[in-house]
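Data first, discussion second: the structure below is written as C-alpha cells.
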Amino acid sequence: MPLHRAIVVVDVEGSTARTNPGRAQLRAMLFDLLDEAFRAGGITEGVRDSFVDRGDGAMCLVRPVDEAPKTVLLAGVVPELAVRLARHNAMHPDDAFRLRVAIHAGEVHYDLRGPYGEDVDLACRLLDAPEVRKALRGAAGPVALVVSEGIYSAVIAHGYAGIDRSAFGHAFHVRVGRKRIRGWIRTDGWAPAGTVLPGAGLTA
C-alpha cells in the first residue's frame, strides 16, 4: 500500500564532466552535506527514510509526523543546505559544486528495490526540467529549488514564518503521463537579508 511522504530530490550540476574518482569524492561530500542540513533542520533518521542513492544525486523521503512539517524543509533544511554548500565551495574551490533540489509530497510505494510511484516520478521530472537547469546556470548562489504546485499552494502561498513566497518566481509545467503539473523555482535569498553567501557565483 502507498505511504505518504514529503519527497526531496537533489542532483549535482555538471557531474558528468568529472572523473570516476572525482565522482566518488563528490558523492561523499554531497551525502555529508545533506545529512548536516537535515539534522540542522531537526529532521533526523527517526522521522525520515535513509537517503536513496541516485548516482549523482539523492532522494530523501520524510514521514508525515508532527516533528517534520513541510515548512521545516522550506524554512530550515534547504536554506541550511544552500548556506553550507556555499561555505564548502568558498573553502574548497577545487571541489565546488552546485545543486538542483525538488520538493513534492505524495504517495510512495516500496518494494525490495526501493521507493517508486507516480509522485516520485513527478518530483524527478521537476528536478530534471530544462527550466530548472537553466535557472541554476544563471543563479549567483549554489542551489536552485523547484517545488510542485501542491507544495506551493499548500505551504508557500500562505507565507509561513521563514518562507518568502515572493522569492519563488518563474512557473513552468511538466508532464507525467497524462498529467500537466506546474513547478515554481527559487534560486536566491537563502540567507537573512544583508548576508553575503560565501562562494556565490562558483560553478562546478
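The values are calculated or read from the model by the stated rules, or taken from the named source; none is laboratory data. No experiment lies behind these values; they were computed from the predicted model shown. A quick note on method: Cβ atoms are made from the backbone with ideal geometry, for glycine too, and the neighbour counts reach across all protein chains shown.
Using the structure shown, decide if VAL62 is touching a residue at least 24 places away in the same chain (Cβ under 8 Å), crowded, with 18+ Cβ neighbours inside 10 Å and closer than 20 Å to PRO2 by Cβ.
yes
In the stretch 119-133, which residues are surrounded by 20 or more Cβ atoms within 10 Å (Cβ to Cβ) and under 17 Å from GLY14 (Cβ atoms)?
Hits for the stretch 119-133 are LEU127, VAL132.
Would you tally the residues in the stretch 134-159 being surrounded by 15 or more Cβ atoms within 10 Å (Cβ to Cβ) and either within 15 Å of ARG186 (Cβ to Cβ) or of a type in the set (A, V, I, L, M, F, W, C) (or both)?
Adding up the residues that qualify gives 16.
When the stretch 135-184 is examined, which residues are found to be within 17 Å of PRO69 (Cβ to Cβ), polar (S, T, N, Q) and free of Cβ contacts under 8 Å to residues at least 12 places away in the same chain?
SER153
Limited to the stretch 24-59, what total is found for residues that are crowded, with 17+ Cβ neighbours inside 10 Å and among the charged types (D, E, K, R)?
Residues flagged as crowded, with 17+ Cβ neighbours inside 10 Å and among the charged types (D, E, K, R) within the stretch 24-59 amount to 4.
Could you run through the stretch 7-47 and say how many residues are of a type outside the set (Val, Ile, Thr), outside any helix (DSSP H, G or I) and either under 15 Å from the mean Cα position of the chain (by Cα) or modelled with pLDDT of 95 or more (or both)?
3
Can you tell me which residue in the stretch 135-170 is modelled with the lowest pLDDT, limited to those that are charged (D, E, K, R) and either over 24 Å from LEU34 (Cβ atoms) or in contact with a Phe, Trp or Tyr (Cβ under 7 Å, 6 or more places away or on another chain) (or both)?
Checking each candidate, the answer is ARG165.
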